[in-house]
Amino acid sequence: MMKATTALMTLAALSVAACQKDDTLPGERFDVRAPLEASLPTASNPSPVGGTATVANRALPISLPAQTSTDWTHRGGNARHLAGNGALSAAPQRIWSVDIGAGNIERARIAAAPVVAQGRVFGMDSDAHLAAVSTEGQLLWKTSLRPAGERSDISGGGLAYGSGRILATTGYGELIALDAATGAIQWRQDLGAPAIGAPTVDGNSVYVVARDGTAWSVDLANGRVEWTVTGTSEVAGMIGTASPAVSDAEVILPFSTGQVLAVRQQSGSRVWTSAVAGQRRGRSYGLIPDITSDPVVNGSVVYVGNQAGSTVALDRSSGERIWAAKEGAYGPVAVGGNSVFLVSDEAHLVRLDARTGETIWSVPMPYFEAEKVRKRSSITAHYGPVIAGGRIVVASSDGLLRFFDPVSGALVGSVAIPDGAAAQPAVAGGAIYVESGDGAIHAFR
């Protein structure tokens, strides 16, 4: 009887509770993954709502450098990764497409961005085949870079051009020099570990960073090692990541731990050490500190970023931090008109003030391919930005080459990329070149 009475009392209490109205706690609601600072009022956002600090986009005037038609010898344009404003028509259209080899598959991905020199476009497929295509759209030669007897599929590496040679790094741990005119291999240098990004050529030397935290200077003529430097290594990392940059007398070396090291070109002796810190809270990729935005040398400043939510400006002579922006970058930033443009780790095209790092505008682009949260499994990849024809250009895996107004960030045009972009675009000779996910190079003019 006692047990029955207790049960009836419990049911009655639950019935009364169910009829009562829940009290709603006062205050703003924020996403559980939002950083603390997003809920704090600032001068530009006095009443934050929704979990991320909103940016009041501003259409500030800009004066970009004059358009140029120079070769595009490195990812980012040149050894400083400071490409400037490439010449491009007001409404570019695709003029040719050439298949150069294997496209993206589950086991191997395209990692190398195309480079342009000597009237040739050089690209590498997902199966370590390097090809040269004329700027008129003719396949000139194709060479396999896979080591003899190697059967496994490995991604990674990149390309650079210098003094009649095309230099390639591979996920197989080699730096290879080929004759740019014929594709004949001239020498191979074993790095002892996969290369994390493209090589950088300056004068008679080639600079490259390997996954095991070593950096190399190699003689361009014969592949002999000039010096090596040991930085820090990280088990986890990205493929096709940042490459060294060259200033007047130093080489800026990026490592997968987020460390940035400046050394003397001639000797490899250290000048300064810095780091790109910061993690995108609430994102699992924020735990990987790999440098993905190649160092960009612009006068006395070096801009460099990681994929975990941070881009910084460093003093070139000392390595001291000038400012830090809470936006990651997957490719070299584009610098022009006292502004820094980047594609963030959360798929926003962002314009920063080059002097302060303050956000001028931030424009969202396609991010998750499936918008419903439970169906999100893959994202749209964006490559760039580059400055061309006075606009900001981004090539994307969703099949569009997009053009944005540098003043306001407004989308001003687009053109289709068959099968979508798979690497950073290159701008040279009044055209823009993009490698797509099916292993083809496309020219737009």
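The values are calculated or read from the model by the stated rules, or taken from the named source; none is laboratory data. The structure displayed is predicted, hence computed values, not measured ones. Don't worry about glycine lacking a Cβ; one is built from the backbone with ideal geometry, like all the others, and counts go over all protein chains shown. For accessibility, only protein heavy atoms count, side chains too; no ligands or nucleic acids. Shrake-Rupley method; radii C 1.70, N 1.55, O 1.52, S 1.80 Å.
Computed over neighbours whose Cβ is under 10 Å from that of residue 298, the net charge equals +2, Lys and Arg +1, Asp and Glu -1.
Placing R0 at 60 angstrom, the Cβ-Cβ distance between residue 134 and residue 326 gives a FRET efficiency of 0.85 after rounding to 0.05. For the range 168-179, the Karplus equation 6.51 cos²θ - 1.76 cosθ + 1.60, evaluated at θ = phi - 60°, returns couplings of 10, 9, 9, x, 7, x, 10, 10, 10, 10, 10, 5 Hz by residue, with Gly and Pro reported as x. Looking at 141, 154, 117, which one has the Cα that reaches farthest to the positive end of the dipole of the range 97-166 (charges on Cβ: Lys, Arg +1; Asp, Glu -1)? Most positive-ward Cα: 117. Ranking 430, 340, 411 by Cα position along the charge dipole of the range 323-445, where only Lys, Arg, Asp and Glu carry charges on their C-beta atoms, puts 411 farthest toward the positive end. For residue 129, the amide hydrogen comes within under 5 Å of the amide hydrogens of 145, counting only partners 5 or more places away or on other chains and with H modelled in the peptide plane. Measuring only protein heavy atoms, the 1.4 Å probe finds residue 98 accessible over about 20 Å². The GluC sites (Glu not before Pro) of the range 308-353 that DSSP puts in a loop, and whose beta carbon has at most 16 other beta carbons within 10 Å, are 320.
Summary of the geometry: the range 240-266 and the range 394-445, compared by the centres of their Cα atoms, lie 28 Å apart. Going by a ≥ b ≥ c, the root eigenvalues of the Cα gyration tensor, does the range 184-274 fall in the rounded group (a/c under 1.5), the prolate group (a/b larger than b/c) or the oblate group? In terms of gyration-tensor shape, oblate. The listed residues 224, 151, 146, once ranked by accessible area (1.4 Å probe) with the largest placed first, stand as 151, 224, 146. Taking every protein chain into account, the 1.4 Å probe leaves residue 216 with about 40 Å² of accessible area, to the nearest ten. If you average the sequence gap of Cα pairs under 8 Å that are 6 or more apart and divide by the length of the range 97-221, what percent do you get for the contact order? Reported as a whole number, the value is 17 percent. Summing charges over neighbours of residue 80, with a neighbour being any other residue whose Cβ is under 13 Å away from its Cβ, gives -2 when K and R count +1 and D and E count -1. Protein-only accessible surface at a 1.4 angstrom probe places the residues 391, 80, 281 in the order 281, 80, 391, largest first.
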